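*Asks:* This is the structure I have questions about; it appears just below.
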């Protein structure tokens, strides 16, 4: 564990907590894409399949449970909670996210480190996470203005993988044989997809106004 | 092989 990875995990945790805070306290998911949340639930479900078979550390297992629990409960809130469900913008959240799942699965079957069930699904989760934010970014452009909490959520979610890239650079130079091209390229693509959001975020958010 | 290293990242 290094400071970059810890910062990345805390940023990721913060993004999830901000979203849960928004949905649970003000009972609203306005501006939040259910499709992105569903993709993230699939990402964690396919990435943490080894949660009971390979123990790394208490921290690792705890964080996996937090990410699994929060992503599925956010989907549940947005789909079934009567008050929250009413604030979901169904008409605008129309990105065909299932069109993202299949190509990622095919790519994982073609490009992976080992051809085993767990490894292919784990690789699939990396590819899917790289594009999972697309429905949310499309919704963001359609709804123009979003509230601060949603803006913070997207900012933290985009930032965590950027911190992971610093972690990979650090580990590459400090650990022999630490080479994971698939993880690195997927992580880079994922972070680059946030580039224009970050641009507007810094323009607007830091200026004290909402993200437009 | 590097991939034998446990997946210690989230």
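Only the coordinates and a few stated rules stand behind these numbers; no lab work does. Since the structure is predicted, the reported quantities are computational estimates derived from the model, not experimental observations. Methodologically, a virtual Cβ is constructed for each residue, glycine included, from the backbone with ideal geometry; neighbour enumeration extends over all protein chains shown.
*Asks:* At a Förster radius of 30 Å, what calculated FRET efficiency corresponds to the Cβ-Cβ distance of residue A:72 and residue A:148, to the nearest 0.05?
*Replies:* 0.75
*Asks:* Please give, to one decimal in nm, the separation of the simple spin-label points placed at residue A:96 and residue A:49, each 7 Å out from Cα toward the Cβ.
*Replies:* So the label points at residue A:96 and residue A:49 sit 2.7 nm apart.
*Asks:* Tell me, in nm to one decimal, what length is gained between residue A:177 and residue A:114 on full extension, where the rule is 0.36 nm per residue of separation less the Cα-Cα distance?
*Replies:* That works out to 21.1 nm of additional length.
*Asks:* Which order results if A:63, A:10 are arranged by neighbouring Cβ count within 10 Å, fewest first?
*Replies:* The order, fewest Cβ neighbours first, is A:10, A:63.
*Asks:* Quote the FRET efficiency, to the nearest 0.05, computed for residue A:58 versus residue A:80 with a Förster distance R0 of 25 Å and r equal to the Cβ-Cβ distance.
*Replies:* Using R0 = 25 Å, I get an efficiency of 0.20.
*Asks:* Hey, another quick one. Suppose a student asked you for the relative contact order of segment A:119-212, using Cα pairs under 8 Å spaced at least 6 residues apart; what percent would you report?
*Replies:* The value is 45 percent.
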